[in-house]
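Below is one structure, written out as structure tokens; the observations come after it.
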Amino acid sequence: MLAPPNSADSSQFLMDCWYAGIDSVKGQVATDRALQNKAIPKIDRVLAVGKAASSMCMGLLPHVDAHTQFLLVTKYGHVDNAIKEECQFRGGNFEILESAHPVPDCNSLLAGTRALEFVKSAGPNEAMVVLVSGGASSLVEALPTSIDLDDLVFMTEILLNRGYDITQINAIRTRISKVKGGKLLERFSGKSVFVLAISDVPANDVSIIGSGIGCYRHTRSIGGNAGFEVPVEVKEFFSRPGVSTDTQDFLQTFSFSSEIIACNETARNAVSEFAENAGVDIICNEESLHQDVNSAARMIGDCLINGPKGMYIWGGEPTVILPDDPGCGGRNQHLALAVAEVIDGLNNIVIIAAGTDGSDGPTSAAGGLIDGNTFSSFAGARTALMKADSGTWLEKAGALFSSGPTGTNVMDLVIGIKN
């Protein structure tokens, strides 16, 4: 039984709406749905990379046989038990690697080496399906000899801390990588590649998802041509020996196609349908959260304060510029607390802001669930915002939202209801 939006249980209703959006874009559901009506030849090997890799593999299993080879790379703690059992059943034909996100680690480099080996070892008549989802950029990497893991971590942390958006970060990652921007699939020596992607980027561009690990012969550019300024500390890497964006001379010729099978719009529309079936008016449904997180909070708060009663749905991925020595939290936790400040004292507004992958930045929480009483319910909220310590504060105030790994990643979902 759904709680109507004017009841005391608006928070539960918003969580129900959020999960309806998640269910519509789960990797297993989206992958199986995409393959049901497609005439794909026998699948010889599957490369799955990203936070939704495990769930996407589950959706693929009904479409392969016992001889199909799998390489699955995902974030620590994101492997479904059913996939672990499948790995044991298939033995050497199913390999699972886990690595770090959002900052890569040594296992990210191991995964990059294995991905190159996996792609290059394909036979001339083999067909490969590549399953790509958000997080792949950090989870899988191969570097030129002039750049090491410490360099990669340093570069990643600079870009994250200074508020670069996902398109900019992935463009820079591509410049120094041996697997991104189409460079991985250039090594494929088989017959055909079919890419299924869950989008976590604006405009659903497969050349940006996972930094283009699932694209082929993508034109790679950086710096001035990309329309943004690259940090001076990062530019230094580009001048090192062996770092090049040129297309390699070992390009193979094979049949290639790609398809976006789930995105933020899919999830937002599922939220809208769920709420409408419960009798709620939808006032706003848009992907517009690509600005600075504090600007996004003001926009959300103003819309809810000045707009009519009903539900407001936003998607996107705001950016955050972190102070020195930041506290605990992610962009959704910061956004939730910042909105709580804007609507402070209003008793008719409830908001959930959460990452669709179930993790928000370097934390295990998904985001925050707040109302007009949250900001003043516990001391230190403004200090927490200034110190980027929103996660600590929200947990103490009982306003942290945790879902666990969701099996998908289509950026963030922010849902507000005004009674």
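Assorted remarks:
- Screening TYR76 on (1) of a type outside the set (S, T, N, Q); (2) more than 18 Å from the chain's Cα centre (by Cα); (3) surrounded by fewer than 20 Cβ atoms within 10 Å (Cβ to Cβ) shows it passes everything except condition (2).
- Out of GLY212, GLY223, one residue alone is on the phi > 0 side of the Ramachandran plot, at pLDDT 90 or above and assigned by TED's automatic domain parsing to the domain that holds ALA122. It is GLY212.
- Restricting region 19-44 to residues that are among the charged types (D, E, K, R) and more than 24 Å from the chain's Cα centre (by Cα), the residue that is surrounded by the most Cβ atoms within 10 Å (Cβ to Cβ) is ASP44.
- Odd one out for MET128 among (1) without any contact (Cβ under 8 Å) to a residue 60 or more places away in the chain; (2) within 30 Å of LYS42 (Cβ to Cβ); (3) hydrophobic (A, V, I, L, M, F, W, C): (1)
- When region 331-347 is limited to residues that are in contact with a strand residue (DSSP E or B) (Cβ under 6 Å, 6 or more places away or on another chain) and not small (Gly, Ala, Ser), the one that is farthest from HIS78 (Cα to Cα) turns out to be ILE343.
- Residue that is surrounded by the fewest Cβ atoms within 10 Å (Cβ to Cβ), among those in region 166-205 that are touching a Gly at 6+ places or on another chain (Cβ under 6 Å) and in a loop (DSSP other than H, G, I, E, B): GLY182
- Boolean, ASP292 is surrounded by fewer than 16 Cβ atoms within 10 Å (Cβ to Cβ), modelled with pLDDT under 95 and among the acidic types (Asp, Glu): no
- Residue check, ALA171 at pLDDT below 95 and either under 19 Å from GLU233 (Cα atoms) or touching a strand residue (DSSP E or B) at 6+ places or on another chain (Cβ under 6 Å) (or both): yes
- From the list LEU335, LEU400, LEU413, the lone residue that is crowded, with 19+ Cβ neighbours inside 10 Å, more than 25 Å from LEU159 (Cα to Cα) and in contact with a Gly (Cβ under 8 Å, 6 or more places away or on another chain) is LEU400.
- MET299, sole failed condition from (1) farther than 15 Å from GLY416 by Cβ; (2) free of Cβ contacts under 8 Å to residues at least 24 places away in the same chain; (3) among the aliphatic types (A, V, I, L, M): (1)
- Where TYR312 falls short, out of the listed (1) under 21 Å from the mean Cα position of the chain (by Cα); (2) over 21 Å from ALA381 (Cβ atoms): (1)
- Residues in region 366-397 that are within 18 Å of GLY316 (Cα to Cα) and among the aliphatic types (A, V, I, L, M) were compared, and the one that is surrounded by the fewest Cβ atoms within 10 Å (Cβ to Cβ) is LEU369.
- Which listed residue, of VAL350, VAL320, VAL339, is under 17 Å from the mean Cα position of the chain (by Cα), on the phi < 0 side of the Ramachandran plot and either in the same structural domain as ALA399 (by TED's automatic domain parsing) or acidic (Asp, Glu) (or both): VAL320
- Checked against (1) surrounded by fewer than 17 Cβ atoms within 10 Å (Cβ to Cβ); (2) farther than 23 Å from PRO202 by Cα, ILE321 passes all but condition (2).
The values are calculated or read from the model by the stated rules, or taken from the named source; none is laboratory data. Values in this document were obtained by computation on a predicted structure and should not be read as measured data. Methodologically, a virtual Cβ is constructed for each residue, glycine included, from the backbone with ideal geometry; neighbour enumeration extends over all protein chains shown.
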